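Below: one structure, written as C-alpha cells.
The values are calculated or read from the model by the stated rules, or taken from the named source; none is laboratory data. In this text, all values refer to a predicted model and were calculated from it rather than measured experimentally. Every residue, glycine as well, gets a Cβ built from its backbone with ideal geometry; the counts of neighbours run over all protein chains shown. Note: areas computed on protein heavy atoms with side chains; ligands, DNA, RNA excluded. Shrake-Rupley method; radii C 1.70, N 1.55, O 1.52, S 1.80 Å.
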Amino acid sequence: MRVLVVEDERRLASIIKRGLIEEGYAVDTVYDGEEAQYMAETTTYDIIILDIMLPKKDGIAVCKDLRAKKINTPVLMLTARDSVEDRVKGLDSGADDYVIKPFAFSELLARIRALLRRESISKTPKIQVGDLSLDTLTREAWRGDRKIDLTTKEYSILEYFMSHPNMVITRTMLEENAWDYEYDSMSNIIDVYIRRLRRKIDADDENSMIQTIRGAGYRLKTA
Ligand code: CA
C-alpha cells in the first residue's frame, strides 16, 4: 500500500510519515499543492492524505482537479477544527473523508483503513489464495492452520501478491507498491524479502507458492 502525504507543516508531515511506515505503508511526502497534483497524476497511490491549507494550491483545488481528470484515488483531508465550511467544501470537491486537526494518530490510521476497505473490490477483510489466507483487519496470515508471523513490510508484499493471484508481478510493481521514492532500486532488497517470505510461507523450498518467472518477476500460484 502506497500513500501520498501532502502537508506543509514539515514536522507533522514527518510524524505522519514515520507512523505510517511503522504500519507497513510506503509513504511519499510533498509540501505544496502543485507538487501534490504532479505526484498524484504520475504515481499510483492507494490513498492520498491531503491538507487543505497549502502553499501554491490549496487541497480543495487539488482534489477538484484530480477528480476532473478522473483520478479517483481515495482522498482523506486534514482540516482545521473550527472550519465547518472547509469540511463541506472538501467533501464537495470529491474528498472521501476528513480528519480534524489535531488528531490522534490512531484515528488517522482507522480512517485510512476504513477508506481502503471501502475501496477493496471484495469488501471482505479476508483474502484466500489456495490454503494461504490473510486477514487484512488484524494483518494476520495463515498457511492452512499454521499462523505465519510477518513483519509489516513482509505483510504488505504478501498482501499485494494475494490481491493479484496468478498474475506476473514485476519487480517494478513490487517496488511501486511497497517502497517509496527514497528506496534505492539498485539494491537487492526485493530478492531478500521474497526469500524471507518463501521461508515463512512454504512447507518446503522445492514447491514455493511464490514462483520466479525468469526475466519477468514473480507469481503467486493458486494451488
Ligand atoms: Ca497546512
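Key figures for this structure:
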{"item": "Of all residues making up the stretch 104-143, the number that are part of a loop (DSSP other than H, G, I, E, B) and either in contact with a Lys or Arg (Cβ under 8 Å, 6 or more places away or on another chain) or at pLDDT 90 or above (or both)", "result": "7"}
{"item": "Matching residues in the stretch 1-10 - criterion: being more than 10 Å from the ligand (Cβ to nearest atom), at pLDDT 95 or above and open to solvent by less than 50 Å² (accessible area, probe 1.4 Å)", "result": "VAL3, LEU4, VAL5"}
{"item": "Number of the exception - ALA95 against (1) within 16 Å of the ligand (Cβ to nearest atom); (2) free of Cβ contacts under 8 Å to residues at least 40 places away in the same chain", "result": "(2)"}
{"item": "Selection within the stretch 1-23 - closer than 22 Å to ASN72 by Cβ and not in a helix (DSSP H, G or I)", "result": "MET1, ARG2, VAL3, LEU4, VAL5, VAL6, GLU7"}
{"item": "Looking only at the stretch 46-62, and only at residues there that are part of a loop (DSSP other than H, G, I, E, B) and either modelled with pLDDT under 95 or among the hydrophobic types (A, V, I, L, M, F, W, C) (or both), the one that is farthest from the ligand (Cβ to nearest atom)", "result": "ASP46"}
{"item": "Selection from the stretch 11-40 of residues that are open to solvent by 10 Å² or more (accessible area, probe 1.4 Å) and either within 16 Å of the ligand (Cβ to nearest atom) or more than 16 Å from the chain's Cα centre (by Cα) (or both)", "result": "ARG11, LEU12, SER14, ILE15, LYS17, THR29, TYR31, ASP32, GLU34, GLU35, GLN37, TYR38"}
